[in-house]
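Each remark here refers to the structure printed beneath this line.
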Amino acid sequence: MFPRWKSKAKRAAELALAELGLPAHGHLGVSDDVPLRRGFGSSTGDVLASIGAVQEAFSSPLPTATVARLAVKAEGASDSVMFTSTTVLFAHRDGEVIEDFGYPLPPLRVLGFGSAPGSTGDGVDTLALPSTRYSPEEVRRFAELRKVLRRAVLTKDVGLLGEVATASARINQHRLPIPRFERLLSIAEEAGAVGVQTAHSGDIAGLLFDRDDLAVDSRTTHAQGLLRDAGMIEHWEFSTDD
């Protein structure tokens, strides 16, 4: 295994081999440039790449649900990026799909940024984070947001999706707050973003825009300037259908 410290990737490969009934031997090398401890899903990327390497090496595809289960077993908790063609509500510590919304997310342009003003931040030790406990009121709020998300995905309504993301980010402020959140909300409004999203186990965030808005380029450019003025200098862009 290279590098040796990527123990989750090694564990994922071993689990995939066992699932396929194959002996656990061979060489696994993992190379990537995904920043650690930020909320980019670096561990999940390593784990899924390792499982994928096993599948490709032995021409033995595994069902997506099985990949999800193995990923959680290797990591302890996993993102849901293995589900590439649909939007799911995923139990990230159990490896099970709570609800499959049936369609991909509506097309969004995301302007991501590091939320630590003046620097790229030190990140968050994900493994050190305790399991989140939500209040009864927050649980009720999440149930409401789930209904709105279901409608947003079904109708491809980016505005509704932005509302869900912003509401979730607000709840997260009670757990892992990002600095100057209210300023970010005002930047989103001024730039014409449909919402704000934050990593729930990292220090990155993003402004969400309607990808098909004819003014999306000028909106994101304006937002970048506002973020720089607020001291947030680390930016990147992508679309949900990239």
In order through segment 28-41: 3J(HN,Hα) via Karplus (6.51 cos²θ - 1.76 cosθ + 1.60), integer Hz, x for Gly, Pro: 10, x, 10, 9, 7, 10, 6, x, 8, 6, 10, x, 7, x
From the Cα gyration tensor of the chain, with a ≥ b ≥ c the square roots of its eigenvalues, which class applies: rounded if a/c is under 1.5, or else prolate if a/b is larger than b/c, or else oblate? prolate
Calculate the dipole size of the chain relative to its Cα centre from +1 charges on Lys and Arg beta carbons and -1 charges on Asp and Glu beta carbons; express the result in debye to the nearest 20. 660
Which far-off residues, 5 or more places away or on another chain, put their amide H under 5 Å from the one on residue 28, with H placed in the peptide plane? 2
Count the lysine pairs in the chain that are 8 or more places apart or on different chains: how many have C-alpha atoms under 27 angstrom apart? 4
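R0 = 22 Å: FRET efficiency of residue 135 with residue 96, Cβ-based, nearest 0.05?
Working: r = 24 Å, r/R0 = 1.08.
After rounding to 0.05, the efficiency reads 0.40.
What percent does the relative contact order of the chain come to when contacts are Cα pairs within less than 8 Å and at least six residues apart?
Values: 379 pairs, mean separation 52.1, N = 242.
Reported relative contact order: 22 percent.
Just the number, please: carbon plus sulfur as a percent of the accessible area of the chain, 1.4 Å probe, no ligands or DNA/RNA counted.
In the chain, the share of accessible area belonging to carbon and sulfur is 53 percent.
State in Å² the accessible area per residue of the chain; use a 1.4 Å probe, count heavy atoms of protein chains only, and round to the nearest integer.
Values: 13030 Å² over 242 residues.
With the other protein chains kept in place, the chain gives 54 Å² per residue.
Do you know the relative contact order of segment 1-116, to the nearest whole percent, from alpha carbon pairs under 8 angstrom that are 6+ apart?
Numbers: 143 pairs, mean separation 24.2, N = 116.
Worked out over segment 1-116, it gives 21 percent.
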With springs only between Cα atoms under 10 Å apart, run a GNM on the chain and tell me which of 197, 55, 224 wobbles the most. 55
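The values are calculated or read from the model by the stated rules, or taken from the named source; none is laboratory data. All figures in this text were calculated on a predicted structure; none of them were measured in a lab. Neighbour counts run over all protein chains shown; Cβ positions are idealised from the backbone, glycine included. Accessible surface areas use protein heavy atoms only, side chains included; no ligands, DNA or RNA. Shrake-Rupley method; radii C 1.70, N 1.55, O 1.52, S 1.80 Å.
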